[in-house]
Amino acid sequence: MKVTVVGAGAVGASCAEYIAMKNFCSEVVLVDIKEGFAEGKAMDLMQTASLNGFDTKITGTTGDYSKTAGSHVAVITSGIPRKPGMTREELIGINAGIVKDVTENLVKHSPEVIIIVVSNPMDTMAYLVHKTSGLPKHKIIGMGGALDSARFKYRLAEALEAPISDVDGMVIAAHSDTGMLPLLSKATRNGVPITEFLDEEQQKYVIEETKVGGATLTKLLGTSAWYAPGAAVSVMVQAIACDQKKMIPCSLMLEGEYGQNDICLGVPAIIGKNGVESIVNITLTAEEQLKFAEAANAVREVNGDLKF
Ligand SMILES: NC(=O)c1ccc[n+]([C@@H]2O[C@H](COP(=O)([O-])OP(=O)(O)OC[C@H]3O[C@@H](n4cnc5c(N)ncnc54)[C@H](O)[C@@H]3O)[C@@H](O)[C@H]2O)c1
Ligand SMILES: O=C(O)C[C@H](O)C(=O)O
């Protein structure tokens, strides 16, 4: 399995590192526009191989997409991250051009590729890849829900004073500060609904902290997060590489599912060797349905700023 990661910055390098550490891929190619940067990151990571015990070969290139030819999966992390006080949506002006250009180069050299979109505003960037790549819809997957769900579980475990392995939960809808929908109604501790353990104030705290998870880290770090995003991507790549058929919330093109059309939004999906094997329809409460529709309206407005 050959995987390309475009953007060798904080998130791209973290993706490459987690993928290599899990040792399920033969090759990871890092691509960046900054001269020598991807080559340097690849060399540094390769010098951890004997220490960390992996055999994945990591190489880097400054913009030579012929080196990415025949990739099974490509991850797009190229583009600018937000600074404290910004929203993800403000990145569209710069990142849309980068994502469109990168997508064209990837598909030219790997026409069968499955693309995982990470660059923000992610739901809109995933939509852009659908509109410009010519790839079938099961081959384009936006990464947001896997990360947001991990943050949800972190906050649930914190509120419950429980180990994270005790809790389960999922976040769907938009990967944005206001459009995220942590499904509290379905979250559990060892199969017991979370609502049996947390009072309303605690529930509200968990939901609000989850939704601003990215903004909180951006304020602390001065730029956006990379460890959990990289780990989330590696879980998705492994689900494809090992045909795991894992259920992961991902930003996917909807054609009637959840009452939406012609939009990429986070929904639970089965991820396996073909990319998206299927979208899973779950029952939402009336309030959740309303919030999902509101998130869709906001993403649709941002999509309106795209120029193809
Ligand atoms: N979807 C998510 O959950 C999620 C999580 C974290 C970050 N992000 C997004 O991922 C993106 C990257 O974040 P980061 O922290 O790694 O930023 P970063 O600045 O550390 O890295 C971005 C890299 O992209 C490179 N780049 C820019 N244009 C390029 C091009 N045309 N071709 C190849 N490489 C190019 C830059 O040189 C840089 O090295 C941002 O848009 C950020 O908002 C999304
Ligand atoms: O918050 C950001 O801007 C980056 C990313 O989308 C995240 O959630 O960490």
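The values are calculated or read from the model by the stated rules, or taken from the named source; none is laboratory data. Note that the coordinates shown come from a computational prediction; the quantities given were computed from them, not determined experimentally. As a convention, Cβ positions derive from the backbone with ideal geometry for all residues, glycine included, and neighbour counts pool all protein chains shown. For the accessible areas, the whole protein counts, side chains as well, though only heavy atoms, and no ligand, DNA or RNA atoms are used. Shrake-Rupley method; radii C 1.70, N 1.55, O 1.52, S 1.80 Å.
Which three extents, in whole angstrom, do the alpha-carbon atoms of the chain cover along their principal axes, largest first?
So the extents along the principal axes, rounded to whole Å, are 54, 45, 38.
For residue 277, what charge total do you get from the other residues with a beta carbon under 12 Å from its beta carbon, if Lys and Arg give +1 and Asp and Glu give -1?
Combined, the nearby Lys, Arg, Asp and Glu give +3.
Given a cut-off of under 8 Å on Cα pairs at least six residues apart, what relative contact order in percent is computed for region 152-266?
Taking the mean separation of contacting Cα pairs over the length of region 152-266, I get 22 percent.
Counting only other residues whose beta carbon sits under 9 Å from that of residue 13, what net charge do I get with K and R as +1, D and E as -1?
Around residue 13, the surrounding residues sum to -1.
Pick from 148, 168, 64: which residue has the top mean-square fluctuation in a GNM of the chain where Cα pairs under 10 Å get a spring?
Of the options given, 64 has the highest mean-square fluctuation.
Return the subset of 67/245; 41/67; 186/291; 67/100 for which the Cα-Cα distance in this structure is over 22 Å, preserving the input order.
From the list (67/245; 41/67; 186/291; 67/100), the Cα-Cα distance tops 22 Å for 67/245.
Distance from the Cα centre of region 27-53 to that of region 173-248, in angstrom?
Cα centroid of region 27-53 versus Cα centroid of region 173-248: 29 Å apart.
Might you report the magnitude of the Cβ-based charge dipole of region 24-140 about its Cα centre, with Lys and Arg at +1 and Asp and Glu at -1, to the nearest 20 debye?
Around 300 debye, computed over region 24-140.
Restricting to the chain, compute how many DSSP beta bridges are antiparallel as a %, nearest 5.
Here the share of antiparallel DSSP bridges comes out near 50 percent.
Work through the residues other than residue 3 whose Cβ is under 12 Å from its Cβ and net out their charges, Lys, Arg +1 and Asp, Glu -1.
Surrounding charge for residue 3 is +2.
With an 8 Å cut-off on Cα pairs and a minimum separation of 6 or more residues, tell me the relative contact order of the chain in percent.
Relative contact order here is 18 percent.
Largest first, how would 138, 175, 72 line up by accessible area (1.4 Å probe)?
Working: 138 65, 175 20, 72 95 Å².
Descending accessible area places them as 72, 138, 175.
Across region 101-256, what fraction of all alpha-carbon pairs, as a whole percent, falls in each successive 5 Å bin from zero upward?
2, 9, 17, 20, 18, 15, 10, 5, 3, 1, 0
What stretch of the chain, leaving out the sites themselves, is the longest with no GluC sites (Glu not before Pro) in a DSSP loop having at most 15 other Cβ atoms within 10 Å?
After excluding every exposed loop site, the longest remaining stretch is 162-308.
Sequence gap at least 6, Cα distance under 8 Å: using those rules, report the relative contact order of region 47-176 to the nearest whole percent.
Values: 164 pairs, mean separation 28.1, N = 130.
Relative contact order comes out at 22 percent.
Given the options 262, 199, 243, state which has the largest fluctuation in a GNM of the chain using a 10 Å cut-off (strictly under) for Cα springs.
Fluctuation is largest for 199.
With a ≥ b ≥ c taken as the square roots of the eigenvalues of the C-alpha gyration tensor of region 196-308, please select rounded if a/c is under 1.5 and otherwise prolate if a/b is larger than b/c or oblate if it is not?
Rounded.
Determine the share of the chain's accessible area contributed by carbon and sulfur atoms, expressed in whole percent, with a 1.4 angstrom probe.
53 percent
With +1 on each Lys and Arg Cβ and -1 on each Asp and Glu Cβ, how big is the dipole of the chain about its Cα centre, in debye rounded to the nearest 20? Walk me through the numbers on the way to the answer.
Numbers: 28 positive and 36 negative charges, 143 e Å.
In total the dipole reaches around 680 debye.
Could you give the nm distance between label points at residue 51 and residue 201, where each point is 7 Å from its Cα heading toward the beta carbon?
4.6 nm
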